[in-house]
1. Would you mind getting me the FRET efficiency between Thr49 and Leu25? Use the beta-carbon distance for r and R0 = 41 Å, nearest 0.05.
2. Dividing the alpha-carbon Rg of the chain by 2.2 N^0.38 Å yields what?
3. Select from the stretch 1-64 those trypsin sites (Lys or Arg not before Pro) which occupy a DSSP coil region and have at most 13 other Cβ atoms within 10 Å, ordered by residue number.
4. With the contact rule set at Cα under 8 Å and sequence spacing of 6 or more, what percent relative contact order holds for the chain?
5. Among Ile42, Ile57, which comes first, then next, by fewest other beta-carbon atoms within 10 Å?
6. Starting from the Cα-Cα distance between Met41 and Asn103, subtract it from 0.36 nm times their residue separation and give me the gain in nm to one decimal.
7. Which of Thr79, Thr49, Thr21 has the fewest other C-beta atoms within 10 Å, and how do the rest follow up to the most?
8. If I histogram all Cα-Cα distances within the stretch 1-56 using bins 5 Å wide from 0, what percent of pairs lands in each bin?
Amino acid sequence: MQKIRKGDKVVVLAGKDKGRTGEVLSVSPKEERAVVRGINMIVRHQRQTQSQEAGLIRKEAPIHLSNLAIADPKDGKPTRVGFQTQKDGTKVRVAKRSGEVING
């Protein structure tokens with residue numbers, strides 16, 4: 001089970017976007033990277049083709065998982081993630097800061 005998953009709210013710990021929060025759009029566990037909405041924006045120059053116009057395209061670049069932390073469901077501050085087994089036998093992610101179960 002992964003600590004950071006698609007749809008999680010995360011806080012950036014390092015880099016040019018340090019302190020900003022966003023939602024995880026995708027995670028690549030093999031490369032240990034995630035794409036976060038509005039974070040690590042890059043500009044690509046696009047040549048004109050039949051289907052699309054020329055110009056500057058802004059999009060999110062992947063960011064390393066070590067530079068991200070889950071936002072605590074209670075107060076939105078960065079927290080580490082732990083795992084617990086519930087009474088019905090399901091394994092859930094838990095915020096170490098507040099003990100709240102992380103949805104997802």
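1. That pair, Thr49 with Leu25, gives E of 0.95.
2. Working: Rg = 16.7 Å, N = 104, 2.2 N^0.38 = 12.8 Å.
So the Cα radius of gyration is 1.30 times the expected 2.2 N^0.38 Å.
3. Values: sites: Lys3, Arg5, Lys6, Lys9, Lys16, Lys18, Arg20, Lys30, Arg33, Arg37, Arg44, Arg47, Arg58, Lys59; in loops: Lys3, Arg5, Lys6, Lys16, Lys18, Arg20, Lys30, Arg37, Arg47.
Here the trypsin sites (Lys or Arg not before Pro) that fit, given the DSSP loop and packing criteria, are Lys6, Lys16, Lys18, Lys30, Arg37, Arg47.
4. 22
5. Listed from fewest to most nearby Cβ atoms, that is Ile42, Ile57.
6. So the chain would gain 19.7 nm between Met41 and Asn103.
7. Listed from fewest to most nearby Cβ atoms, that is Thr49, Thr21, Thr79.
8. For the stretch 1-56, the pair-distance distribution reads 4, 17, 20, 19, 12, 12, 11, 5, 1.
Any read-out appearing in this document is the output of simple, stated calculations on the displayed coordinates, not a laboratory observation. Quick caveat: nothing in here was measured; it's all calculated off a predicted structure. Quick reminder, even Gly has a Cβ in these numbers, built from the backbone with ideal geometry, and neighbours come from all protein chains shown.
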